[in-house]
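Okay, structure first, notes after.
The values are calculated or read from the model by the stated rules, or taken from the named source; none is laboratory data. Quick caveat, the model's predicted, so the values are computed rather than measured. Here Cβ is always computed from backbone atoms with ideal geometry, including for glycine, and neighbour counts include all displayed protein chains.
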Amino acid sequence: MCTGSSKSISYYYFDLGKAESELQTSFEKPRLEILPVMLPEYLNARGIAQRIDQHRTVHANWHLWASQPSSMLDRSALNYFEINLPNWFVTGAEEAWLSDNRPTLSDIVKLQFNLEHFNGGLDNNAELSGNWTLFDEKNKILLRQNFSLSVVLEKDGYSGLASALQKGWEQLCHDISIQLLATIK
């Protein structure tokens, strides 16, 4: 029999909600291809990252993401844009050319996220920063924008941090959707 306290691991994930619309495979719509989210290796760990000073970040041992953060962010972005851009056909990079009914190349726009921060901050906040880039079908840059978001935790602890990171990610996706609609006519 073991003595001492036992700790249990908690797993966190983004609540994707329910997509109300049916998946439509109409290639008549412009297509948005979400490229895989790029994260530095130290932020793509399963342990939730927390910055402890200007130069150090630590990972939680008992509070883990349910999947790799890059995969979770890929799914979350795909879900967000599918729901909020109903006049677009949204795919992930792995789904891009599965069909023989390919759209014409001029109808394809690609979105790439590069994150530098996706962690708890020093001021009871969540930090998200980096840049996103919109490419045309020939990988020509249409728009590149840096971002830096700080979301105050509404409740303490890792659950509050996971919620704040999701809120920041959804705000970023919202901001991008506005830019996308203004850029692509």
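Things worth noting here:
Conditions tested, residue by residue: (1) closer than 27 Å to LEU64 by Cα; (2) in contact with an Asp or Glu (Cβ under 9 Å, 6 or more places away or on another chain); (3) among the small types (Gly, Ala, Ser).
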{"position": "ILE108", "(1), (2), (3)": "no, yes, no"}
{"position": "GLN112", "(1), (2), (3)": "yes, no, no"}
{"position": "LEU122", "(1), (2), (3)": "yes, yes, no"}
{"position": "ALA126", "(1), (2), (3)": "yes, no, yes"}
{"position": "GLY130", "(1), (2), (3)": "yes, yes, yes"}
{"position": "ASP136", "(1), (2), (3)": "no, no, no"}
{"position": "GLY157", "(1), (2), (3)": "yes, no, yes"}
{"position": "GLU170", "(1), (2), (3)": "yes, no, no"}
{"position": "SER177", "(1), (2), (3)": "no, no, yes"}
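- Just one of (1) touching a residue at least 12 places away in the same chain (Cβ under 8 Å); (2) under 18 Å from TYR12 (Cα atoms) fails for LYS155. It is (1).
- Test: LEU181 is surrounded by 15 or more Cβ atoms within 10 Å (Cβ to Cβ) and among the hydrophobic types (A, V, I, L, M, F, W, C): no
- Single condition ARG144 does not satisfy, out of (1) closer than 19 Å to LEU115 by Cβ; (2) surrounded by 14 or more Cβ atoms within 10 Å (Cβ to Cβ); (3) at pLDDT 95 or above: (2)
- Residue list for segment 96-121, restricted to those being surrounded by fewer than 19 Cβ atoms within 10 Å (Cβ to Cβ), at pLDDT below 90 and under 24 Å from ARG144 (Cβ atoms): ALA96, PRO103, LEU105, SER106, ASP107
- Leading residue by the ranking (nearest to TYR13 (Cα to Cα)) among those in segment 60-82 that are crowded, with 16+ Cβ neighbours inside 10 Å and either among the aliphatic types (A, V, I, L, M) or free of Cβ contacts under 8 Å to residues at least 40 places away in the same chain (or both): MET72
- Residues satisfying the stated conditions in segment 104-162, i.e. in a strand (DSSP E or B), of a type in the set (D, E, K, R) and under 17 Å from PRO36 (Cα atoms): LYS110, GLU116, ARG144
- SER129 being out of contact with any strand residue (DSSP E or B) (no Cβ under 7 Å at 6 or more places or on another chain) and hydroxyl-bearing (Ser, Thr, Tyr): no
- Whichever residue in segment 37-72 is in a loop (DSSP other than H, G, I, E, B) and in contact with a helix residue (DSSP H, G or I) (Cβ under 6 Å, 6 or more places away or on another chain) and, among such residues, is farthest from ASN114 (Cα to Cα): ASN44
- Of residues in segment 147-178 being out of contact with any helix residue (DSSP H, G or I) (no Cβ under 8 Å at 6 or more places or on another chain) and among the aliphatic types (A, V, I, L, M), the one surrounded by the most Cβ atoms within 10 Å (Cβ to Cβ): LEU165
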